[in-house]
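Here's the structure, in structure tokens; my notes come after.
The values are calculated or read from the model by the stated rules, or taken from the named source; none is laboratory data. Quick caveat: nothing in here was measured; it's all calculated off a predicted structure. Glycine also receives a Cβ, built like all others from the backbone with ideal geometry; neighbour counts cover every protein chain displayed. SASA here: full protein model, heavy atoms, side chains in, ligands and nucleic acids out. Shrake-Rupley method; radii C 1.70, N 1.55, O 1.52, S 1.80 Å.
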Amino acid sequence: MNITWALLMMALGGVGVPNQGHEADVAAVLQGAMNPPIVTENTTNPDSASPNGGGTASPAPSPSASPETARIADPQPDAPKVKGIYVTAYSAGGARMETLLALLDKTELNSMVIDIKDDAGYITYKTDNAELQQMGHPQPFIGDISKLMTRLKEHNVYPIARIVVFKDSVLAKKNKELSFVNKDGSVWANKGGDSFVNPYNENVWKYNVDIAKEAVKLGFKEIQFDYVRFPEGFEKRADTLKYTKSDRPRVEIIADFVKYAKAELAPLGVRISVDIFGYAASVPAAEGIGQDFVKISKNVDVISPMVYPSHYSTGWFDVKDPDKDPYATIKGSMVDTHKKLNPLGSYKPVIRPWIQDFTASWLGSGHYVKYGKKQVEDQIRALKDQNIDEFLLWNANNRYTADVKYDQ
């Protein structure tokens, strides 16, 4: 399918997204991808000329390792081929954890992605770190983090810490200078009431990386950064909001954060992964939100495109209703992902997609199917057929389909 037409169809057709987690105004993001600004090397960001820029940011922290050097060895060489599930902090600290551990005990699943800093911006356990306490608002969603880590080890679970980076209402409201501010002095929020913090601000970088460092000390083997981007549709408001910025383009700023995080965390022997929109493999860079699939992938150990079939609309990969044909949709997305990343050569990271274990009823009658054993297995089979043997299952409520054969 013609990519421009596909983008238009998605933008106008209304892309379904879950109400909980991974939510985004995808149509707005796609609109930015359809009309990316022309950016050449050694030029300044047009946004920097704005009189409402709120000043100039100091130079971003410099990574200790050059991004042009050869990729270092896997910091977790003994890690399994990850087949994992998403686990909220509420589940991790509550009764549901027994059910989830039992699921991993009796299946080929071997990993959990657990919220350590969630979609609202809460650190999900009571940290003793005074600086993190001051900047954030830690909550005891996970009542005993040490006990949790012990349980994971006893069940041979490969632990991944999910840290939501720039979508952070807690930090934005507590530290207005780290966020985007409206002309009336209020903190900007999107239609869903969520605020973001400013990716140009190096204090935001350090805060999130400090959370990651503590997660490593707790025993997590991998740090997964999510919402590594500007707010959806940011290009439409970049010149009206007040915030600190530099003359670097947004795609460079996001890539710089990833490089910085990788350099800071590499000495700790932890893997770095980043979640990214699945369609990013099929379209030009999303300049508006600052996401470039290749620039980000080059500087991580693992890339996790969110390729839920429900996120694609009519016509993608020559499929009338992608949600109803998960095999074809996942296969098409992986073909595009390989094409995008193969030129990276030794820089190509492990590809570990997020796949769908939920029913997208919001797509409307005739455009979705109830997801169960067959649909989940079809996605895994499509990955396997494209030489992808790692995956993560997303269900916002952590209720996963029974009797799935995860080893296709």
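If the condition is being in contact with a Pro (Cβ under 7 Å, 6 or more places away or on another chain), of a type in the set (S, T, N, Q) and open to solvent by 20 Å² or more (accessible area, probe 1.4 Å), then region 95-151 contributes only N110.
Name the residues in region 313-324 that are touching a helix residue (DSSP H, G or I) at 6+ places or on another chain (Cβ under 9 Å) and either open to solvent by less than 10 Å² (accessible area, probe 1.4 Å) or free of Cβ contacts under 8 Å to residues at least 40 places away in the same chain (or both), would you? Walk me through how you get there before you give the answer.
Applying the first criterion (touching a helix residue (DSSP H, G or I) at 6+ places or on another chain (Cβ under 9 Å)) to region 313-324 yields 313-319, 321-324.
Once the filter is applied, which keeps residues that are touching a helix residue (DSSP H, G or I) at 6+ places or on another chain (Cβ under 9 Å) and either open to solvent by less than 10 Å² (accessible area, probe 1.4 Å) or free of Cβ contacts under 8 Å to residues at least 40 places away in the same chain (or both), region 313-324 yields W316, V319, P322, D323.
Consider region 388-408 and keep the residues that are of a type in the set (S, T, N, Q) and in contact with a helix residue (DSSP H, G or I) (Cβ under 8 Å, 6 or more places away or on another chain). The one that is surrounded by the most Cβ atoms within 10 Å (Cβ to Cβ) is N398. Of all the numbered requirements in (1) open to solvent by 10 Å² or more (accessible area, probe 1.4 Å); (2) in contact with a helix residue (DSSP H, G or I) (Cβ under 9 Å, 6 or more places away or on another chain); (3) assigned to a loop (DSSP other than H, G, I, E, B); (4) not small (G, A, S), K340 misses one, and that requirement is (3).
Take F220 and decide whether it is of a type in the set (F, W, Y), under 30 Å from K147 (Cα atoms) and not in a loop (DSSP other than H, G, I, E, B).
Numbers: of a type in the set (F, W, Y): yes; under 30 Å from K147 (Cα atoms): yes; not in a loop (DSSP other than H, G, I, E, B): no.
No.
One residue stands out among those in region 254-275 that are out of contact with any helix residue (DSSP H, G or I) (no Cβ under 6 Å at 6 or more places or on another chain) and outside any helix (DSSP H, G or I): the one that is nearest to K167 (Cα to Cα), which is D275. Taking region 88-182 as the region of interest, the helices (runs of 4 or more DSSP H) fully inside it that hold 2 or more residues being of a type outside the set (S, T, N, Q) and more than 24 Å from the chain's Cα centre (by Cα) are 96-106, 130-135, 145-154.
Can you find a residue in region 156-177 that is closer than 30 Å to D78 by Cβ and surrounded by fewer than 15 Cβ atoms within 10 Å (Cβ to Cβ)? Give the steps one after another, and end with the answer.
Of region 156-177, the ones closer than 30 Å to D78 by Cβ are 156-165.
Keeping just the survivors that are surrounded by fewer than 15 Cβ atoms within 10 Å (Cβ to Cβ) gives 156.
Looking through region 156-177, at least one residue is closer than 30 Å to D78 by Cβ and surrounded by fewer than 15 Cβ atoms within 10 Å (Cβ to Cβ).
When P284, P305 are screened for being of a type outside the set (A, V, I, L, M) and part of a loop (DSSP other than H, G, I, E, B), only P284 passes.
Taking each residue of region 259-274 that is without any contact (Cβ under 8 Å) to a residue 60 or more places away in the chain and looking for partners that are among the polar types (S, T, N, Q) and surrounded by 23 or more Cβ atoms within 10 Å (Cβ to Cβ) with beta-carbon atoms closer than 6 Å, six or more apart or interchain, yields nothing.
Of the candidates I303, I330, I380, I355, the single residue that is crowded, with 22+ Cβ neighbours inside 10 Å, touching a Ser or Thr at 6+ places or on another chain (Cβ under 8 Å) and of a type in the set (V, I, T) is I303. Flag: D275 matches the condition of being of a type in the set (D, E, K, R) and under 25 Å from N208 (Cβ atoms). I'd like to know if region 186-207 contains one or more residues that are in contact (Cβ under 8 Å) with a residue 12 or more places away in the chain, within 30 Å of K81 (Cβ to Cβ) and either touching a strand residue (DSSP E or B) at 6+ places or on another chain (Cβ under 8 Å) or not aromatic (F, W, Y) (or both). Checking region 186-207: not a single residue is in contact (Cβ under 8 Å) with a residue 12 or more places away in the chain, within 30 Å of K81 (Cβ to Cβ) and either touching a strand residue (DSSP E or B) at 6+ places or on another chain (Cβ under 8 Å) or not aromatic (F, W, Y) (or both).
Can you go through K340, K324, K373 and tell me which one is out of contact with any His (no Cβ under 8 Å at 6 or more places or on another chain), modelled with pLDDT of 95 or more and farther than 15 Å from Y279 by Cβ?
On the way: K340 fails: farther than 15 Å from Y279 by Cβ; K324 fails: out of contact with any His (no Cβ under 8 Å at 6 or more places or on another chain).
Sole residue among the options that is out of contact with any His (no Cβ under 8 Å at 6 or more places or on another chain), modelled with pLDDT of 95 or more and farther than 15 Å from Y279 by Cβ: K373.
In region 238-250, is there at least one residue being without any contact (Cβ under 8 Å) to a residue 60 or more places away in the chain and either open to solvent by 10 Å² or more (accessible area, probe 1.4 Å) or not in a loop (DSSP other than H, G, I, E, B) (or both)? Can you show your working first?
Restricting attention to region 238-250, the residues satisfying the condition of being without any contact (Cβ under 8 Å) to a residue 60 or more places away in the chain are none.
No.
Residue pairs whose Cβ atoms lie under 9 Å apart, separated by 6 or more positions or on different chains, with the first residue in region 381-406 and over 25 Å from A95 (Cα atoms) and modelled with pLDDT under 95 and the second open to solvent by 30 Å² or more (accessible area, probe 1.4 Å) and outside any loop (DSSP other than H, G, I, E, B), do not occur. From the list S365, S346, the lone residue that is among the polar types (S, T, N, Q), surrounded by fewer than 23 Cβ atoms within 10 Å (Cβ to Cβ) and within 26 Å of S111 (Cα to Cα) is S346. Restricting region 67-80 to residues that are open to solvent by 50 Å² or more (accessible area, probe 1.4 Å) and touching a Lys or Arg at 6+ places or on another chain (Cβ under 9 Å) leaves a set whose member that is modelled with the lowest pLDDT is R71.
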